[in-house]
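A.B. asks: Take this structure first; my questions come after.
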Amino acid sequence: GQICLEDMIRDHSLERVFIFHPDPWFKKRHHKRRVLNQDLLEILKKKLADSGTIYISTDVVELYDDMLSVCRDYGMSFIEDDPFWATDYRTHWSMFSEDDQRNQYFITVQFKELS
């Protein structure tokens with residue numbers, strides 16, 4: 001995934017990036033495999049247009065907390081109460097979570113300064 005982003009996507013060309021229900025990789029030794037990490041954010045910083053937005057969802061509270069931490073550590077700007085989640089968000093995974101009556105957690109972030 002990261003190689004495709006680096007090699008095939010023009011810098012500053014993406015308006016939105018969606019990371020919906022990534023694998024939580026529960027075991028501590030597997031946390032390095034989680035999708036959202038500092039390396040991915042470095043790549044996305046180059047690929048997102050000015051005011052580009054990253055939308056992240058999960059129904060695993062431990063993963064949500066980890067992804068919040070990764071975004072905070074990177075210095076991301078958080079968009080609170082983004083209407084996207086109430087009006088536009090509908091995926092196979094969100095419907096699955098609703099059917100199983102699991103809480104869903106949402107993060108909307110932007111880079112403070114794009115380079």
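A.B. asks: Being out of contact with any helix residue (DSSP H, G or I) (no Cβ under 7 Å at 6 or more places or on another chain), more than 14 Å from VAL70 (Cβ to Cβ) and not in a helix (DSSP H, G or I) is the filter here; which residues of segment 34-56 pass it?
C.D. replies: Selection gives LEU48, ALA49, ASP50, SER51, GLY52, THR53.
A.B. asks: Please work out if LEU63 is among the aliphatic types (A, V, I, L, M) and within 13 Å of PHE18 (Cα to Cα).
C.D. replies: When the stated conditions are applied, LEU63 does not pass them.
A.B. asks: Looking only at segment 1-33, which residues are open to solvent by less than 60 Å² (accessible area, probe 1.4 Å) and assigned to a loop (DSSP other than H, G, I, E, B)?
C.D. replies: If the condition is that a residue be open to solvent by less than 60 Å² (accessible area, probe 1.4 Å) and assigned to a loop (DSSP other than H, G, I, E, B), then ILE9, SER13, HIS21, PRO22, PRO24 are the ones that fit.
A.B. asks: Report whether or not SER57 is modelled with pLDDT under 90, buried (at least 16 other Cβ atoms within 10 Å of the Cβ) and not charged (D, E, K, R).
C.D. replies: Considered against the rule, which asks whether it is modelled with pLDDT under 90, buried (at least 16 other Cβ atoms within 10 Å of the Cβ) and not charged (D, E, K, R), SER57 comes out as no.
A.B. asks: Just give me the residues in segment 34-54 being of a type in the set (A, V, I, L, M, F, W, C) and open to solvent by 60 Å² or more (accessible area, probe 1.4 Å), in sequence order.
C.D. replies: Answer for segment 34-54, where residues must be of a type in the set (A, V, I, L, M, F, W, C) and open to solvent by 60 Å² or more (accessible area, probe 1.4 Å): just VAL35.
A.B. asks: Can I ask one more? Sort out which residues of segment 62-96 are open to solvent by 60 Å² or more (accessible area, probe 1.4 Å), assigned to a helix (DSSP H, G or I) and touching a strand residue (DSSP E or B) at 6+ places or on another chain (Cβ under 7 Å), and write them in order of number.
C.D. replies: The answer is TRP93, and nothing else.
The values are calculated or read from the model by the stated rules, or taken from the named source; none is laboratory data. Computed from a predicted model, the values in this text were never measured in an experiment. Cβ coordinates were reconstructed from backbone atoms using ideal geometry, including for glycine residues, and neighbour counts include every protein chain displayed. The accessibility values were calculated without ligands, DNA or RNA, using every heavy atom of the protein model including side chains. Shrake-Rupley method; radii C 1.70, N 1.55, O 1.52, S 1.80 Å.
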